[in-house]
Amino acid sequence: MTIAANPHSLLAAFFAGTLLSLAPSLVHAQVSLGTVVDLAQRNSTSVRIAQADVNKAQASLSQTQEVFVPSLQFGTGIPAFPEEGFTGSPPTLWSATVQSLVFSVPQKHYIDSARAGLQAANANLKDAREQVALEASTAYIELDTVNQELLAAGQQQGFASRLVDIEQQRAEAGVDPLSELLQARLTAANIKLRKVHLESRAALLGKQLSVLTGLPLGSITADHASIPEIPPVSGELKPQRLAGIEAAHLQARSRAAVAKGDEDLNLFPQLSFLAQYNRNTTLLNNVNSFFARPLPANNFSSGFAIQVPIFDMGHHAKSRESAAEALRSTVEAEQAERQNELQIAELTGSLKELDAQAEVASLKQQIAGEQLKTVLTELEVGNVAGAGPGAPAQPSPREEQLTRIDERQKLQDSLDAGFDLSKARLGLLRALGHMQDWLNELHK
């Protein structure tokens, strides 16, 4: 059984290989999410291990099928020294043997087992590719989010610096107490701390993407335009069996077929075919003195061998061991399926909460933006409410910087909430078996 080549996959692999060959010359180049996923799948050790398992399973299937194909063996037996006496077997110059299995009920079960094992290996390969795609997509989207937050944090730092200057002047003039200056410095220090934290996150994500893709460290800059919109998803979406769970069920089927074959090995006879040709020799030996007639040069024999099981405790024990392994594999597959159902339920519940949190954070950011517009307008044209009794005070430069800092902070909070929501949606897509839908979006 072979895997059909996908032209799109071959094109992506060619592009990925070209990009890898040019990797040393890439310095902070924008690399699309689709390319990162392709490179990660190409570079992943888990994917390569899964591909090796597929190759092994293909060889195992061929091995079980080809026992019915006659095998030919050739050997020589030229004497090294003159022989003396009767050696027990006719001396030969060379011999050829043809043998094959003709009929075996257990072998059919072993073939079914190998075929199911190959299907399981292919399913494991698909599961490994989807898992790598999830990890690469999550890291890339988070890096893009952190980069946007770093930009906002840098702007915040500038506003905080101006705020400290304002409070320094007001404190020196005796307008504000020293505590206001200290509070401004604390605000600036907190912003600096958050910026350092974001820079550490960006460095870690860059390292993670470098390890995933094999590209040099620091050579990947996220391209926001390459990230498709993750559609809203819920637990009500019709689930499909995960490739990993499908592999577990196929592995259980494979071991059950082995157990059936081991059981039938104790019940049904097997039929084999054998043919042999020997080219005998009388050189360097006195073999003719032991026989009534001279030893013929050409000797050929053939026949069918029937093996009938009568009593073999070793095979009985082996069949019980195989049955126990099959039962264990079945239970493990059921356990994996139940765990995935629980994960879907947990992700569905948390997704609703994250969706609400993202909406709240977005509204707060919009409100902060409108408040900033109001403050900037009042600073530019004056307080439209006038200067009468009860009218609000004219905004000060200090309030302007605080409003700007708050608006940038609300933007970062909104970006964080949006990333958490995107991460949960991707996780739910994966748990529901719809990760391929996301990969299709990437390769459009």
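The values are calculated or read from the model by the stated rules, or taken from the named source; none is laboratory data. Just so we're clear, the structure is a prediction, and the values are computed from it rather than from any experiment. As a convention, Cβ positions derive from the backbone with ideal geometry for all residues, glycine included, and neighbour counts pool all protein chains shown.
Per-structure values
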quantity	calculated
Top-ranked residue of region 183-219 - restricted to ones that are part of a helix (DSSP H, G or I) and among the hydroxyl-bearing types (Ser, Thr, Tyr), ranked as nearest to ALA40 (Cα to Cα)	THR213
Number of the condition not met by THR187 [criteria: (1) within 29 Å of THR35 (Cβ to Cβ); (2) modelled with pLDDT of 90 or more; (3) surrounded by 17 or more Cβ atoms within 10 Å (Cβ to Cβ)]	(1)
Failed item, numbered, when ALA222 is tested on (1) in contact with a Leu (Cβ under 7 Å, 6 or more places away or on another chain); (2) surrounded by fewer than 14 Cβ atoms within 10 Å (Cβ to Cβ); (3) of a type outside the set (S, T, N, Q)	(2)
Matching entry among ALA324, ALA333 (being touching a residue at least 12 places away in the same chain (Cβ under 8 Å) and surrounded by 10 or more Cβ atoms within 10 Å (Cβ to Cβ))	ALA333
Count - residues of region 46-99 that are of a type in the set (Val, Ile, Thr), under 28 Å from ALA121 (Cα atoms), surrounded by 14 or more Cβ atoms within 10 Å (Cβ to Cβ) and over 29 Å from the mean Cα position of the chain (by Cα)	2
Subset of region 32-90 that is charged (D, E, K, R) and outside any loop (DSSP other than H, G, I, E, B) - its residue that is farthest from LEU209 (Cα to Cα)	GLU66
Any chance ILE49 is at pLDDT 70 or above and of a type in the set (Val, Ile, Thr)	yes
Out of ALA116, ALA96, sole residue that is touching a residue at least 60 places away in the same chain (Cβ under 8 Å), out of contact with any His (no Cβ under 6 Å at 6 or more places or on another chain) and part of a helix (DSSP H, G or I)	ALA116
Candidates PRO239, PRO269, PRO294 - the one that is surrounded by fewer than 14 Cβ atoms within 10 Å (Cβ to Cβ) and out of contact with any strand residue (DSSP E or B) (no Cβ under 6 Å at 6 or more places or on another chain)	PRO294
Within region 264-306, tally of residues that are of a type in the set (A, V, I, L, M) and without any contact (Cβ under 8 Å) to a residue 40 or more places away in the chain	4
Test for GLU346: is it in a helix (DSSP H, G or I), free of Cβ contacts under 8 Å to residues at least 24 places away in the same chain and among the acidic types (Asp, Glu)	yes
When residues of region 105-153 are limited to those that are of a type in the set (Ser, Thr, Tyr) and within 21 Å of the chain's Cα centre (by Cα), the one surrounded by the fewest Cβ atoms within 10 Å (Cβ to Cβ)	THR138
